[in-house]
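Here is the structure we will look at.
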Protein chains: 2
Amino acid sequence: MSEEVVQNKKVTFKGYIDDVPKETDMELKLSNIELNPPPQGSAALLVKNLYLSCDPYMRGRMRDFHGSYIPPFVPGQALEGFGVSEVIHSDHPNYKPGDLITGFTGWEEYSVIQRTEQLRKIQPDDRIPLSFHVGLLGMPGFTAYAGFFEVCSPTKGEYVFVSAASGAVGQLVGQLAKLHGCYVVGSAGSKEKVDLLKNKLGFDEAFNYKEELDLNAALQRYFPQGIDIYFDNVGGDMLDAALLNMRIHGRIAVCGMVSQQSLSKPKGIYNLFNLISRRIRMQGFLQSDYLHLYPRFLEDVSNYYKQGKIVYIEDMNEGLESAPSAFVGLFHGKNVGKQVIRVAHE
Amino acid sequence: MSEEVVQNKKVTFKGYIDDVPKETDMELKLSNIELNPPPQGSAALLVKNLYLSCDPYMRGRMRDFHGSYIPPFVPGQALEGFGVSEVIHSDHPNYKPGDLITGFTGWEEYSVIQRTEQLRKIQPDDRIPLSFHVGLLGMPGFTAYAGFFEVCSPTKGEYVFVSAASGAVGQLVGQLAKLHGCYVVGSAGSKEKVDLLKNKLGFDEAFNYKEELDLNAALQRYFPQGIDIYFDNVGGDMLDAALLNMRIHGRIAVCGMVSQQSLSKPKGIYNLFNLISRRIRMQGFLQSDYLHLYPRFLEDVSNYYKQGKIVYIEDMNEGLESAPSAFVGLFHGKNVGKQVIRVAHE
């Protein structure tokens with residue numbers, strides 16, 4: 001057999017870290033790959049990766065800690081994350097060459113996918129960008145949907161606060177809350193993001209937390225009646241300030257804590273006493289606990305998008321070479337919208 | 001009219017404080033009271049107080065803060081709290097002289113009660129001590145019942161941890177959890193209390209937190225499989241340690257935070273990240289939100305007690321003179337069981 005041998009660029013993980021990720025924690029490597037069909041009986045796929053997703057949770061896989069819900073990366077090997085890929089060869093009965101899929105893949109041009117259980121086949125639709133399957137219609141979008149509807153128990157007319165509001169999750173939380181009839185305020189870290197929240201994403205109000213000396217005062221200003229629902233993507237000082245501004249029977253969905261992801265000694269939270277006096281429910285969650293709702297989510301949110309009821313902002317980087325800096329940028333708020341890497345053109 | 005004039009000893013509140021309560025924050029005063037019937041149309045009661053309850057939440061009423069669920073005490077006037085009283089005169093159609101009632105009353109020998117909406121008439125029962133109506137069958141017992149069954153969502157076989165476990169609330173939480181088929185470990189602050197938990201209250205295990213250098217290590221020792229339910233009566237370091245030992249989908253009922261009640265700058269909580277990875281629900285609550293369950297509680301817990309399925313430990317002080325030191329003792333763990341003041345013999 002004389003199969004095609006091609007170059008396979010990879011972004012590899014150098015080794016475990018304790019600090020904020022740096023570009024030098026990853027390494028671009030070149031190798032070759034034979035584009036052979038996977039061995040018979042392997043049920044594996046050989047795929048060409050089109051889009052890769054940069055997500056803050058990946059920071060957790062850079063620690064040498066095996067007790068979490070997802071194992072750490074393997075030093076020397078390509079990073080792994082959500083992607084959109086095209087099937088080149090398949091030994092799996094459900095997939096054939098040319099199929100578009102989304103699920104876990106490697107940070108490389110071509111991947112062999114052995115674990116096919118969590119893959120999802122994409123039904124191509126001209127009205128929906130393919131890359132949305134790692135954003136609006138992927139894990140971040142589903143996190144927003146499950147977190148808002150299942151964890152926050154929203155009611156029409158409630159006051160909703162979203163932090164990291166222009167990010168991959170926050171932008172959809174805010175729009176779903178608006179569609180649900182809530183009053184929504186978002187925080188973000190630049191004037192550009194605040195403008196997007198107010199002018200493009202339809203938030204009622206938005207503010208730049210970096211310009212606020214006193215987060216408690218800022219929240220009092222935007223929520224003179226208090227907050228019913230805080231969708232917390234950051235943790236830390238913003239969570240502490242929100243605790244001072246919750247209404248009775250308020251709910252806090254604890255999602256990302258991106259501000260604390262890289263701190264080996266996280267910041268203290270001092271205002272938990274309010275949980276009692278205001279009878280607040282504070283709940284951590286992972287979207288993976290709600291996968292039974294995924295089909296409904298996919299239909300609802302696809303339709304909202306096609307009907308023009310929601311928009312979704314992506315920050316698209318070109319080429320695997322740009323992946324390390326794009327990933328590192330997440331922890332400095334550099335991304336505007338959902339951070340995606342285009343590995344190859346469709 | 002020549003009504004009887006009697007002496008009315010009172011424990012008055014001297015003024016707002018920022019620190020741990022001291023005996024000198026209260027003052028014993030003598031005055032006289034005419035045992036007249038309340039004015040016609042007032043719907044008020046004149047009562048003789050038999051038992052008064054010392055509860056940690058009362059500390060919150062010693063702050064000059066009016067935004068809480070209960071207003072502050074009024075300087076110069078008698079403290080107020082739950083009590084068991086005998087009706088001497090009544091202008092209220094539901095009550096007659098000789099009735100025994102429980103509800104808010106003054107820290108004094110005789111009180112005029114204007115707000116009768118939240119009073120409850122006691123059906124005397126020789127098998128149940130009257131003082132239990134401010135403990136096992138009163139607010140602390142109901143806090144345990146509502147918190148455990150409504151907030152903790154317990155399932156048979158789950159691992160339950162209770163802090164301040166020999167206290168007014170904790171001792172019932174542990175016993176209800178045992179009756180529900182859970183494995184129960186309690187923490188307390190002395191060898192005497194630990195012995196009570198293990199030998200009298202039926203906890204599976206108990207430990208003295210003051211003898212543990214590392215609370216995380218202690219919890220790992222007692223819960224090698226992790227904790228499903230933490231009924232938190234203390235907050236602070238114990239809450240932080242419990243967060244490290246919760247199981248996936250664990251629940252934390254946030255009740256008293258007695259360790260933090262008197263700190264104007266409470267301790268920080270550092271381990272909230274576990275809320276996400278372990279999908280923990282942490283919920284503050286007040287028993288007053290569950291009053292619709294009170295009749296069922298009263299029946300269930302009275303029956304358990306009369307059937308010998310649960311016990312209840314009281315720390316009874318004699319005389320109003322002892323009330324300030326008994327109250328202050330709560331914040332130093334001096335009470336063994338529910339702290340009650342006997343004001344007059346039945």
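The values are calculated or read from the model by the stated rules, or taken from the named source; none is laboratory data. As the structure is a prediction and not an experimental result, all values here were calculated from the model. We place every Cβ from the backbone using ideal geometry, glycine too, and count neighbours over all the protein chains shown.
Taking segment A:160-190 as the range and being surrounded by fewer than 24 Cβ atoms within 10 Å (Cβ to Cβ) and at positive phi as the test, only A:Gly181 passes. Kindly establish whether A:Val311 is farther than 24 Å from B:Met282 by Cα and touching a Lys or Arg at 6+ places or on another chain (Cβ under 7 Å). Yes, satisfied. Could you please let me know if A:Arg342 is touching a residue at least 24 places away in the same chain (Cβ under 8 Å), within 14 Å of chain B (Cβ to nearest Cβ) and of a type outside the set (S, T, N, Q)? In short, no.
Condition (residue is of a type outside the set (S, T, N, Q), within 14 Å of chain A (Cβ to nearest Cβ), in a loop (DSSP other than H, G, I, E, B) and under 22 Å from B:Gly337 (Cα atoms)) applied to segment B:286-309: is it met by at least one residue? Within segment B:286-309, one or more residues are of a type outside the set (S, T, N, Q), within 14 Å of chain A (Cβ to nearest Cβ), in a loop (DSSP other than H, G, I, E, B) and under 22 Å from B:Gly337 (Cα atoms).
Only residues that are of a type in the set (S, T, N, Q) and within 14 Å of A:Phe297 (Cβ to Cβ) were counted across segment A:144-163, and they come to 0.
Taking B:Leu298 as the residue in question, decide whether it is within 30 Å of B:Lys121 (Cα to Cα), surrounded by fewer than 22 Cβ atoms within 10 Å (Cβ to Cβ) and not acidic (Asp, Glu). Answer is yes for this residue. Only one of the numbered conditions (1) over 27 Å from A:Ile276 (Cα atoms); (2) surrounded by 20 or more Cβ atoms within 10 Å (Cβ to Cβ); (3) out of contact with any Leu (no Cβ under 8 Å at 6 or more places or on another chain) is violated by A:Asn199, and that is (2).
Taking segment A:62-92 only, how many residues are in contact (Cβ under 8 Å) with a residue 12 or more places away in the chain and either over 15 Å from A:Val11 (Cα atoms) or β-branched (Val, Ile, Thr) (or both)?
15
Taking every residue in segment A:203-214 that is assigned by TED's automatic domain parsing to the domain that holds A:Leu172 and pairing it with any residue that is assigned to a loop (DSSP other than H, G, I, E, B) and of a type in the set (A, V, I, L, M), at least 6 positions away or on another chain, the pairs with Cβ-Cβ distances below 8 Å are A:Phe203/A:Ala165; A:Ala206/A:Ala165.
Within segment A:50-93, if we keep just the residues that are of a type in the set (A, V, I, L, M) and part of a loop (DSSP other than H, G, I, E, B), the residue that is nearest to A:Glu23 (Cα to Cα) turns out to be A:Leu79. For the residues B:Pro140, B:Pro154, the requirement of being touching a strand residue (DSSP E or B) at 6+ places or on another chain (Cβ under 7 Å) and buried (at least 24 other Cβ atoms within 10 Å of the Cβ) singles out B:Pro140.
Just checking, does segment B:4-17 include any residue being without any contact (Cβ under 8 Å) to a residue 40 or more places away in the chain and in contact with a strand residue (DSSP E or B) (Cβ under 6 Å, 6 or more places away or on another chain)?
Among the residues of segment B:4-17, at least one is without any contact (Cβ under 8 Å) to a residue 40 or more places away in the chain and in contact with a strand residue (DSSP E or B) (Cβ under 6 Å, 6 or more places away or on another chain), which makes the answer yes.
Search segment A:35-68 for residues being in contact with a strand residue (DSSP E or B) (Cβ under 8 Å, 6 or more places away or on another chain) and hydroxyl-bearing (Ser, Thr, Tyr), and hand back the single one that is farthest from the other protein chains (Cβ to nearest Cβ). Result: A:Tyr51.
Tally up the residues in segment B:173-182 that are in contact with a strand residue (DSSP E or B) (Cβ under 7 Å, 6 or more places away or on another chain) and part of a helix (DSSP H, G or I), please. Qualifying residue count, segment B:173-182: 4. Within segment A:94-104, the set of residues being in a loop (DSSP other than H, G, I, E, B) and of a type outside the set (Phe, Trp, Tyr) comprises A:Asn94, A:Lys96, A:Pro97, A:Gly98, A:Asp99. Given the criteria assigned to a loop (DSSP other than H, G, I, E, B), away from chain B (no Cβ under 14 Å) and modelled with pLDDT of 95 or more, does A:Ala165 qualify? Yes; evaluated as a whole, the condition is true for this residue. Scanning segment B:94-124 for residues that are touching a residue at least 40 places away in the same chain (Cβ under 8 Å) and under 16 Å from B:Gln40 (Cα atoms) returns B:Tyr95, B:Val112, B:Ile113, B:Gln114, B:Thr116.
Would you mind stating whether A:Gln287 is at pLDDT below 95 and of a type in the set (S, T, N, Q)? So A:Gln287 passes the test.
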